[in-house]
Amino acid sequence: MLLTVVALVGSDAALAQGRYYLTLTGASPGGLWSLLGTGINSAVVHQFPGSAVTYQTSGGGLANVVLLDEARADLGIVHNVELRTALLGNPPFRRRYTNLRAIAYLYNWAPMQWTVSRRFAERYGLVTSDDLVAVKPPVRFGVHTRGNMVYELNRQILAAHGVSFDDVEEWGGRIVVVSQNEMADLLQDRRLDMMGNGVFAPYARIVQTGAALDLSMLSLSDQVIEAVSQATGAEAYTIPAGTYEWLDRDINTVALGAALVATDELSEQVAYEVTRALVENVDQIRRVHTSMRALSPELMGSLRVIPYHPGALRYYREAGLVD
């Protein structure tokens with residue numbers, strides 16, 4: 001593996017006082033995950049001076065599953081939905097990845113936001129996703145790019161209604177496969193009627209679009225939320241009224257989350273010490289971005305999609321954070 005631990009002589013005490021040199025695979029440079037990499041490094045260095053957690057860019061969570069499995073990184077950031085997909089061996093994976101182990105849940109508040117032109121919503125009486133499926137309007141729906149977990153969540157939300165992307169096109173709509181920035185541009189230019197994106201709320205591009213176009217947002221029913229959660233590992237989430245200036249009611253939906261992950265090849269003691277460093281220095285991670293202020297030790301130990309690494313679990317139990 002790429003892991004090196006200095007001062008391994010003799011005992012757990014020597015190990016606890018060692019220097020840890022770890023590689024962490026995230027996503028593209030400059031995004032939230034690279035900031036999380038900075039925070040994770042700061043937490044480990046604060047606990048173990050002289051250590052380093054080196055961030056490396058990748059194609060994101062799906063790629064990180066493979067990089068971890070191939071021992072090309074010690075730690076990786078992966079979405080909850082991607083972990084569920086890897087565990088089941090669903091596309092784009094060709095087999096099951098059962099060796100992934102959680103170190104810490106980092107956030108679970110990137111909700112799916114079915115944002116729709118208010119004019120279109122009012123014309124067809126759309127308040128919830130149930131209305132969309134019942135009315136079957138000719139909606140031009142931006143769903144993100146293939147292989148992205150937002151694309152998959154959009155597909156799964158429709159599937160929970162018994163509807164496919166093909167069905168939407170058969171009733172006169174159009175599924176538009178473009179990036180999140182292109183979706184926002186097309187909606188603002190009135191070339192889309194709706195877009196589905198899983199991002200923190202408020203999201204700057206939705207705020208920007210709402211300044212140029214009257215917007216609304218569709219809620220999901222409890223039944224749909226439960227079905228999507230079971231299928232994907234996404235969690236129930238409520239976007240409060242007022243999150244956007246034009247949002248006049250709570251929106252019930254599901255949210256993407258992300259976790260710090262290793263494999264079962266990482267030693268128990270290293271997993272224990274890394275987890276301890278993250279929990280006891282959580283402020284180092286919170287301060288990397290305003291969206292991370294809600295991170296808590298309790299959340300870190302709350303992931304349910306894959307098992308925790310035995311070393312991480314040992315720390316959470318000792319700290320009284322899990323049973």
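The values are calculated or read from the model by the stated rules, or taken from the named source; none is laboratory data. It should be emphasised that the depicted structure is a prediction, and the values quoted were computed from it without experimental measurement. Glycine also receives a Cβ, built like all others from the backbone with ideal geometry; neighbour counts cover every protein chain displayed.
For every residue, the table says whether it meets (1) out of contact with any helix residue (DSSP H, G or I) (no Cβ under 7 Å at 6 or more places or on another chain); (2) acidic (Asp, Glu).
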{"position": "Glu152", "(1), (2)": "no, yes"}
{"position": "Val163", "(1), (2)": "no, no"}
{"position": "Glu170", "(1), (2)": "yes, yes"}
{"position": "Gln188", "(1), (2)": "no, no"}
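Sort out which residues of the stretch 233-265 are among the acidic types (Asp, Glu) and in the same structural domain as Tyr151 (by TED's automatic domain parsing), and write them in order of number. Step through it out loud before you land on a result.
So the first thing to find is which residues in the stretch 233-265 are among the acidic types (Asp, Glu), and the list is 235, 245, 248, 250, 264-265.
Glu235, Glu245, Asp248, Asp250 - these are the residues of the stretch 233-265 that are among the acidic types (Asp, Glu) and in the same structural domain as Tyr151 (by TED's automatic domain parsing).
Have a look at Asp222, Asp323, Asp214 and point out the one that is closer than 30 Å to Arg123 by Cα, in contact with a helix residue (DSSP H, G or I) (Cβ under 8 Å, 6 or more places away or on another chain) and not aromatic (Phe, Trp, Tyr). Spell out the reasoning first.
On the way: Asp222 fails: in contact with a helix residue (DSSP H, G or I) (Cβ under 8 Å, 6 or more places away or on another chain); Asp323 fails: closer than 30 Å to Arg123 by Cα.
Within the list Asp222, Asp323, Asp214, the selection yields Asp214.
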*Filter the stretch 197-232 down to the residues that are closer than 11 Å to Thr253 by Cα and small (Gly, Ala, Ser), then identify the one that is surrounded by the most Cβ atoms within 10 Å (Cβ to Cβ).*
Gly198
*Could you list all residues from the stretch 22-72 that are over 20 Å from Gly147 (Cβ atoms) and among the aliphatic types (A, V, I, L, M)?*
Leu22, Leu24, Leu35, Leu36, Ile40, Ala43, Val44, Val45, Ala52, Val53, Ala71
*Go through (1) modelled with pLDDT of 95 or more; (2) assigned to a loop (DSSP other than H, G, I, E, B) one by one and return the number of the condition Asp323 breaks.*
(1)
_Evaluation of Ala201 against (1) in a loop (DSSP other than H, G, I, E, B); (2) touching a residue at least 40 places away in the same chain (Cβ under 8 Å); (3) touching a Gly at 6+ places or on another chain (Cβ under 9 Å) (one fails), failing number_ = (3)
*Which one of these does Asn90 not meet: (1) under 20 Å from the mean Cα position of the chain (by Cα); (2) under 30 Å from Glu268 (Cβ atoms); (3) at pLDDT 95 or above; (4) not hydroxyl-bearing (Ser, Thr, Tyr)?*
(3)
_the stretch 57-99 - residue that is in contact with a strand residue (DSSP E or B) (Cβ under 9 Å, 6 or more places away or on another chain) and surrounded by fewer than 16 Cβ atoms within 10 Å (Cβ to Cβ) and, of those, farthest from Thr232 (Cα to Cα)_ = Ala71
_Just to check your reading of the model, which residue among Ala211, Ala319, Ala241 is under 18 Å from Trp109 (Cβ atoms) and without any contact (Cβ under 8 Å) to a residue 60 or more places away in the chain?_
Ala241
*Do we have any residue at all in the stretch 74-84 that's touching a residue at least 24 places away in the same chain (Cβ under 8 Å), part of a loop (DSSP other than H, G, I, E, B), out of contact with any Gly (no Cβ under 9 Å at 6 or more places or on another chain) and closer than 25 Å to Leu295 by Cα?*
yes
*asked:* Give me the helices (runs of 4 or more DSSP H) completely within the stretch 134-195, filtered to those with at least 1 residues that are outside the structural domain of Asn90 (by TED's automatic domain parsing), in contact with a Leu (Cβ under 8 Å, 6 or more places away or on another chain) and within 25 Å of Ala211 (Cβ to Cβ), ordered by residue number.
replied: 149-159, 180-188
